[in-house]
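In what follows, a single structure is set out as structure tokens and then discussed.
Bear in mind that the values in this text are calculations on the coordinates, not laboratory data. Values in this document were obtained by computation on a predicted structure and should not be read as measured data. Methodologically, a virtual Cβ is constructed for each residue, glycine included, from the backbone with ideal geometry; neighbour enumeration extends over all protein chains shown.
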Amino acid sequence: MTPLEWVLLALIAGAAGGVLLARLFRTSESAAPVAEPAPLRAPASAPISFDNAFARLVHALPIGVVLVDRTCRVEFANAAAGTTFGFDPDRALNVHVIEAIPNVELERRIGDALRGEASVAPLMLTGATGQRTYRVSIYPLTDSDEESRRVVIFSDDQTALLRLDRARKEFLSNVSHELRTPLSSIKLMLETVLEAPEQEARDLFVPQALAQVDRLAALVGQLLEQARAESGQLKLNVRDVDLEEIARPIVASFDQQAANKGIELELTALRPVRVEADPDRLAQVFVNLIDNALRHTRGGGRIRVEVDARDSDAVLRVRDTGEGIPYRDLPHIFERFYVVDRSRKRGSSGAGLGLAIVKGIIDAHGGAISAESMLGRGTAFTIRLPIMRIKRDAAS
């Protein structure tokens, strides 16, 4: 049989092939080998002939395919296999597999397959794009002639799936923590009121319990907002709005809080800009960014909110002279539940949803948000939104 015939046999060889494909696309993180899989055997009928269309199909498969003969030399490899293992598929032909793929674990598993033992397990490989995890399936292929024994290797990139699975687990863990903390506080306060029903206890703990209820309601609201944004179901009530008119009352609402901390807060409208947007959603963006800046700026610092226009975009910018964001954290700050330096004991650090919600709102408007920061020197968030029109004074 030709190498391509062997590859097709591995893909369609009855129940064993079906099990192989099912396991190839399984997303479990289990590293356990397949329990006693049967080797794939060629049918007794005459070999099937293949045309160039099939050859192109195998070479175009997103799953890496490598065929190794009984002397551990590469008989066939497609482009996806070359990407997985970092070799040129054409140059790898007739090369010993350990030379083409210098991996001791893979060599051991190929040896097991030549002795009739199949395996499906993850394999971590480091390449030009960093470390990636592949689900590698290795199956023995035999026919009536034992001298024709071969091994077929399938590789399927699982890196993105594993990353999503980790994100799911972190999401559940973070949600559980954020919900459990206020619930525990409410329970403790109400138990205290029941055990000491004096008016003084009620006056002390009932307002605190209500504050924790408000915190829970706000968190649930944030979770719903984030879910709508990620699912593309964030509803926008779009109309012609002036950005300065949206920003000014919100900045004014933070004046007292900024004054109490000794922070200078100012709004600068470099030119009047109008956009087609949802004013309530944009107000939410300003609230989250200003609140974030206040929480991370010490007394004596400065926060500046700017409204401007550049090219065909409206530009909203919130600058602060706060503590800044470490370089390693900067690419992740718009991820849900991502909190910079969780080791800091800051009760006001938030649940890590504010910036994720901001990004969802800006994305829904067809805009973009970015952040620049220098540790200890401050942070600047810049938002660009498509302009409907710019109103300029006659003098300008």
Measuring from its Cα centre, segment 69-151 shows a charge dipole (+1 at each Lys and Arg Cβ, -1 at each Asp and Glu Cβ) which, in debye to the nearest 20, is 340
FRET efficiency (Asn94, Thr159; Cβ distance; R0 45 Å; to 0.05) is 0.90
Pseudo-spin-label distance Thr71 to Gln257, built 7 Å along Cα→Cβ, given in nm, is 7.5
